[in-house]
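In what follows, a single structure is set out as structure tokens and then discussed.
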Amino acid sequence: MGKQINVALIGNPNTGKTSVFNALTGLNQKVGNYPGITVEKKEGVCKLSRGLKAHIIDLPGTYSLNASSLDESVVIELLLNKNDKDFPDVAVVVSDVENLKRNLLIFTQIKDLEIPTLLVINMADRMAYKGISLNIPNLEEQLNTKIALVSTRKKQGIDELKQLIEGYKDLSTQPCLDTSEIDKDYFSSLHKAFPNQLLYKLWLVITQDVNFGKTDRNEIDAVANFKTKNKADLKRLQQKETIKRYQFINNALKKGHTIDTSKAKDLRSKLDRVLTHKIWGYAIFFFILLLMFQAIYDWSGIPMDFIDETFASLSEWTKNQLPSGAFTDLLAEGIIPGLGGIVIFIPQIAFLFLFISVLEESGYMSRVVFLMDRVMRRFGLSGKSVVPLISGTACAIPAVMATRNIESWKERLITILVTPFTTCSARLPVYLIIISLVIPEGHFLGLGYQALTLMLLYLLGFGAAVGSAYILNKILKIRSKSFFVVEMPNYKLPLFKNVALTVVEKTKSFVFGAGKIILAISIILWFLASYGPGDDFNNAEEIITTKYASQNLSEDELQQHVASFKLENSFIGITGRAIEPMISPLGYDWKIGIAIVSSFAAREVFVGTLATIYSVGSDDEATIKNRMAAEINPILGGPLFNFASGISLLLFYAFAMQCMSTLAIVKKETNSWKWPVMQLVIMSSFAYIVALMAFQFLK
Amino acid sequence: MENTLAHLKRGEIALITDVSSIHIPLKLLEMGCLPGNTVQLVQVAPFQDPMYLNINGSHLAIRKETAMHILIEKVSHG
Ligand SMILES: Nc1nc2c(ncn2[C@@H]2O[C@H](COP(=O)(O)OP(=O)(O)O)[C@@H](O)[C@H]2O)c(=O)[nH]1
Ligand SMILES: [Mg+2]
């Protein structure tokens, strides 16, 4: 075991931090993504020479240490807290050769914190294309640092970067700017009050708008007195500071950085002319959305059917091969169908993140933000809400986390509150199975009724999100400074490695994060359905045998009756029948009731629950769908899943807040129980009312 | 007032003269929107809002309400 050093990758968004991170760590990385970890924190390990290891963190993109959004405050919180276990031994600032000037701003700030800092100039492959030439030794001297010229795309410069990281002890920690020059009087009194503190650090603490967690701020808490300067004054000083920083940067780049514009090519403006066009821009965006849904609905159908059938026969096979008994039953009826209920999502989740990460990587997502801002603002949202709302079609959890870059608290809160209305992939299996049961297969104008229904449900979810945002915007009385600055990055061909890693990463965290809950619930359900209290359950065989004694049933038929009698008297059956009065006006029986209750944990549990309930006791190799189609409504007669109850269920699932993990992440992100509780109560009662009206009207 | 960024037309180039209004977020300054730099209006969304700018080589989009507070001097008519 050798020594391990902490390395933090910092820089503006889109400079290639994640690409550098991927190049350094390969598959040696993990992402904290799910409840329990607040920050999307990517960490990995990179082996250097002589047993030295680097622990690398990919921090969220930030333009400066003056955080204006939550995402950015993560960076400054880390850099101000020397006691954090991740506090960097060396900061690696990643910059894009095309935006070097702007990217260097944060470099100067970090250096002023006297943290050893080295600079990566990434995208070196673009230099010729843009007519840029660099004199690295000159720049190193001017900026007083070491520079690695890197192209992650061409896989160049990574080894040099590793060497520089290894030699981090030789880096100069001399600041770029003399902080006191910003305002001599003010800073000399500050220095007198806190003689042992770094002036720039004090200044950062004084001027931060974002509320921090617990950093080692306590010792400099008294600093609050220095806020005496009014806001406008502080702002003027910050402006002065920024101008000084740019002066330093312009000076430093004077010799070492030249651009021959006659050699530069310009693909950006050609593409922008079409992609941000007042008409074409929107048409193309709409087309991309269509394509995305096509992929999720159509293309993933094939692997999903395959997975469904594989698990059905696996379950059957287990039953036949293992000696019968409680354990085999648990395996065949609880665990295997439960696992199937998780694995079946993989194709859809993968497709969604494939699209989303390609759109992000290519730079197109910012154009969408630009196009949609005005429209979204009408509903109290921001152009930046589009990304969460689109990601919400995969899963509300990453979507809620993706709101972090919305600067206005009100816009961000509204986005968080309405995102769970969008049709997440967990609703999809519920929708798919019910649509296939109750919507006829016919065609209308070449489009299948079933596909159209699904499309309508997506629109409904989106409409509900936007509509409730409109109402929230009117009733929430929150004053928050609203501003909107979006960088429009260059268009880029997505790097395959980045896209693949995102897809694998997100899918994995779904399978292991949400999957755990689903599996646990499947097992609990199986127990509740396989055991029961009282004499009725224990003496089921005798009761049924006596009851049907006169009817000369075959052994098989008798067993069926015993099984369903047992289920009705099991723990789950008793609970289900207790809530039946509440849900029968919606057209559901107690089995659906159980599925709804258990799917509160996660919607996708619905199908798994029905699978578990229906497979307990029945041993033919039928798919879930066939079993559901055979169910009879106990009160009204006729198929349980008919048009009226099917529509009612679809609507219920469209609106109800049924996802514990989403509630947990909303609590985390809003830092209060008020909002998730409000979401739960309002969404679920609305769902109940709409489903009730639909069933009563259609039946 | 005709000399704010909100009055720029597509393709036009101007010189930024003043950004001291408190309605301009610091982040915008940090992205290069500083006096003396040139700004070009690259593209506008419907209703001229938001505005897609090229400030000294930095490409960014801001809302019209912010653009209204940035004072400029036109240098070319596009
Ligand atoms: N041409 C080129 N593109 C790159 C290079 N490194 C990254 N990119 C692209 O730049 C974009 C942003 O990269 P990413 O690593 O996500 O940046 P981050 O936002 O800083 O994490 C992606 O489209 C990458 O494919 C490079 O060396 N050359
Ligand atoms: Mg990144």
Taking first residues from the stretch A:42-61 that are within 14 Å of chain B (Cβ to nearest Cβ) and second residues anywhere that are away from ligand 1 (no atom under 12 Å from the Cβ) and charged (D, E, K, R), the pairs with Cβ under 9 Å that are 6 or more apart or on different chains are A:Gly61/A:Glu72
With the first residue restricted to the stretch A:5-17 and required to be within 13 Å of chain B (Cβ to nearest Cβ), and the second required to be within 13 Å of ligand 1 (Cβ to nearest atom) and basic (Lys, Arg), Cβ contacts under 9 Å at 6 or more apart or on different chains are A:Asn14/A:Lys492
Within the stretch B:42-76, the residues that are assigned to a strand (DSSP E or B) and farther than 16 Å from A:Ser269 by Cβ are B:Ile62, B:Leu71, B:Ile72, B:Glu73, B:Lys74, B:Val75, B:Ser76
Only one of (1) under 9 Å from the mean Cα position of the chain (by Cα); (2) within 14 Å of another protein chain (Cβ to nearest Cβ) does not apply to A:Ser408, and that is (1)
Of those in the stretch A:269-281 that are within 9 Å of chain B (Cβ to nearest Cβ) and crowded, with 17+ Cβ neighbours inside 10 Å, the residue farthest from A:Leu371 (Cα to Cα) is A:Asp272
Tell me yes or no: at least one residue of the stretch A:441-449 is more than 16 Å from ligand 2 (Cβ to nearest atom), exposed (fewer than 15 other Cβ atoms within 10 Å of the Cβ), among the aromatic types (Phe, Trp, Tyr) and at pLDDT 80 or above. yes
If we keep only residues of the stretch B:1-22 that are over 24 Å from A:Arg268 (Cα atoms), surrounded by fewer than 16 Cβ atoms within 10 Å (Cβ to Cβ) and more than 8 Å from chain A (Cβ to nearest Cβ), then the residue modelled with the lowest pLDDT is B:Met1
Considering residues that are surrounded by 16 or more Cβ atoms within 10 Å (Cβ to Cβ) and either out of contact with any strand residue (DSSP E or B) (no Cβ under 8 Å at 6 or more places or on another chain) or over 21 Å from A:Asn103 (Cα atoms) (or both), the number found within the stretch B:23-51 is 13
Only one of (1) more than 16 Å from ligand 1 (Cβ to nearest atom); (2) within 14 Å of chain B (Cβ to nearest Cβ) does not apply to A:Tyr491, and that is (1)
Taking the stretch A:255-268 and keeping only residues that are surrounded by 15 or more Cβ atoms within 10 Å (Cβ to Cβ) and within 12 Å of chain B (Cβ to nearest Cβ), one is left with A:His257, A:Ile259, A:Arg268
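Per-residue answers, yes or no, for (1) touching a residue at least 60 places away in the same chain (Cβ under 8 Å); (2) surrounded by fewer than 20 Cβ atoms within 10 Å (Cβ to Cβ); (3) not assigned by TED's automatic domain parsing to the domain that holds A:Ile296:
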residue: A:Ser315; (1), (2), (3): yes, no, no
residue: A:Val368; (1), (2), (3): yes, no, no
residue: A:Pro388; (1), (2), (3): no, no, no
residue: A:Cys395; (1), (2), (3): yes, no, no
residue: A:Ile406; (1), (2), (3): yes, no, no
residue: A:Trp409; (1), (2), (3): yes, yes, no
residue: A:Leu413; (1), (2), (3): yes, no, no
How many residues of the stretch A:238-254 are buried (at least 17 other Cβ atoms within 10 Å of the Cβ) and either modelled with pLDDT under 90 or within 7 Å of chain B (Cβ to nearest Cβ) (or both)? The answer is 4
Per the filter on the stretch A:116-136, residues over 28 Å from A:Lys265 (Cβ atoms) and out of contact with any Asp or Glu (no Cβ under 9 Å at 6 or more places or on another chain) are A:Thr117, A:Leu118
Quick count over the stretch A:491-508, residues being more than 16 Å from ligand 2 (Cβ to nearest atom) and in contact (Cβ under 8 Å) with a residue 12 or more places away in the chain, is 3
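Residue-by-condition table, conditions (1) of a type in the set (A, V, I, L, M, F, W, C); (2) away from chain B (no Cβ under 14 Å):
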site	(1), (2)
A:Ala326	yes, yes
A:Leu330	yes, yes
A:Val343	yes, yes
A:Glu360	no, yes
A:Arg374	no, no
In the stretch A:42-84, anything more than 16 Å from ligand 1 (Cβ to nearest atom), of a type in the set (Gly, Ala, Ser), assigned to a loop (DSSP other than H, G, I, E, B) and touching an Asp or Glu at 6+ places or on another chain (Cβ under 9 Å) is listed as A:Ser49, A:Ala67, A:Ser68
Here the residues within the stretch B:23-41 that are within 7 Å of chain A (Cβ to nearest Cβ) and closer than 20 Å to A:Arg268 by Cβ are B:Met31, B:Gly32
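The values are calculated or read from the model by the stated rules, or taken from the named source; none is laboratory data. Keep in mind that this is a model prediction, so the values were computed, not measured. Because the Cβ atoms are built from the backbone with ideal geometry, glycine has one as well, and the counts that use them run over all protein chains shown.
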